[in-house]
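The values are calculated or read from the model by the stated rules, or taken from the named source; none is laboratory data. Computed from a predicted structure; not experimentally measured. We place every Cβ from the backbone using ideal geometry, glycine too, and count neighbours over all the protein chains shown.
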Amino acid sequence: MAGEKKKVVVVGGGIAGSSIAYGLQNDADDSAVSVTESELTTDSGEVVPFDFLVITTGTTFSGPKTKVERIEDFEAKKKKIEDSDSILIIGGGPVGVELAGEIATDFPKKKLTLVQSGDRLIDFLGPKASDKAQKWLKNKGVEVILNDRVETDDLTPPNYVTKSGKQITADAHFVAVGKKLGKGWIEASPALKEKLNDEGRLQVEQTCQVAGFTNIFAAGDITDIKEIKQGYLAARHAAAVISNIKKLIKNPDEKKLSTYKPSEKAIGLVSLGRQEGVAQFPFATVGGWLPGKLKSKDLFVGQTRSSLGLKQKA
Ligand SMILES: Cc1cc2nc3c(=O)[nH]c(=O)nc-3n(C[C@H](O)[C@H](O)[C@H](O)COP(=O)(O)OP(=O)(O)OC[C@H]3O[C@@H](n4cnc5c(N)ncnc54)[C@H](O)[C@@H]3O)c2cc1C
């Protein structure tokens, strides 16, 4: 029917998903669900037909869901840190390193141990960035153990043992061993399953359409776009998806769709406490106040709020 709004279903409410839902709010009816094929089935068994589907289920999140529950969770974790004299962090990716940096900055007297299974920290970036992060942490008194691991199934303070047999004593621990890709529901969808590559990411065209589909798009970390997985790039994929869905809503036969070119010059940023950080630019990798100024002060909360049309917090 002329003028009837198209139904766009966005799966996943991270950076890419929320930007797309926000960008299309006046052009289509939006919905957020959990399992899909060409028709989408929610985990409560509801079948949701769609004109367009956008998959943005980058990584799974199994923690508290509501705002109140999340704030309670943050408070509990803050108390856990405050109540501990020594803390073990398992995992030296961005979560483990940023957490270690924040604790070392706000609680310099606490004994921190960071265990990383690989031979360098934040290995999604280059060795120079790893080196700078490790030096910064060591300067703050953090003990960094590389090439070793702590099994996460049965962790009880205060005694921990690494795989190589090293004993670590700590009042508390945090597990930061990497999130899982949000691909389980795609694997359960025969039509889409074959579009996952070996890493479990969805193969997309330059238009951000899932390979072989005209009305199914994907954006963000779940895609196989060859670049560092970063939120600001997920937002750029989202812009291409919004543009293309708007074009296809206007003209289903539109051939001139917007294309996304992978960023060969992506910037990787890892904060280290409130003022400093490590930044990998295409031309150089720097540590200190510059990346701190770019990210660490508000962790892009202000920018994310304005991109979603939310007021800045006072
Ligand atoms: C510690 C850390 C620091 C980072 N720093 C930066 C930075 O400084 N700058 C930057 O640009 N990027 C940064 N990143 C990367 C950035 O966070 C990711 O690239 C970005 O979040 C990807 O967005 P996304 O929307 O693709 O996926 P996600 O943010 O992972 O969102 C996916 C959402 O989908 C939901 N989901 C999963 N499965 C389903 C399902 N079946 N049904 C419904 N929902 C589902 C998940 O719960 C989640 O909410 C950082 C990441 C980490 C871990």
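Output the residues belonging to segment 94-133 that are within 11 Å of the ligand (Cβ to nearest atom) and either among the basic types (Lys, Arg) or surrounded by fewer than 19 Cβ atoms within 10 Å (Cβ to Cβ) (or both). Val95, Glu102, Phe124 - these are the residues of segment 94-133 that are within 11 Å of the ligand (Cβ to nearest atom) and either among the basic types (Lys, Arg) or surrounded by fewer than 19 Cβ atoms within 10 Å (Cβ to Cβ) (or both). Within segment 239-260, none of the residues are touching a Pro at 6+ places or on another chain (Cβ under 6 Å) and under 18 Å from Ile15 (Cβ atoms). Among residues of segment 221-232 being of a type outside the set (D, E, K, R) and at pLDDT 95 or above, the one that is nearest to the ligand (Cβ to nearest atom) is Ile222. Just one of Gly287, Gly292 is within 15 Å of the ligand (Cβ to nearest atom) and touching a residue at least 40 places away in the same chain (Cβ under 8 Å); which is it? Exactly one of Gly287, Gly292 is within 15 Å of the ligand (Cβ to nearest atom) and touching a residue at least 40 places away in the same chain (Cβ under 8 Å), namely Gly287.
Within the span defined as segment 245-259, every residue fails to be out of contact with any Asp or Glu (no Cβ under 6 Å at 6 or more places or on another chain) and within 28 Å of Val95 (Cβ to Cβ).
On the basis of being of a type outside the set (Val, Ile, Thr), in the same structural domain as Glu194 (by TED's automatic domain parsing) and modelled with pLDDT of 70 or more, does Ser18 make the cut?
yes
In summary, strands (runs of 3 or more DSSP E) completely within segment 155-220 and bearing 2 or more residues that are without any contact (Cβ under 8 Å) to a residue 24 or more places away in the chain and more than 16 Å from the ligand (Cβ to nearest atom) occur at 159-161. The residues of segment 75-106 that are aliphatic (A, V, I, L, M) and within 19 Å of Gln230 (Cα to Cα), listed by number, are Val95, Val97, Leu99.
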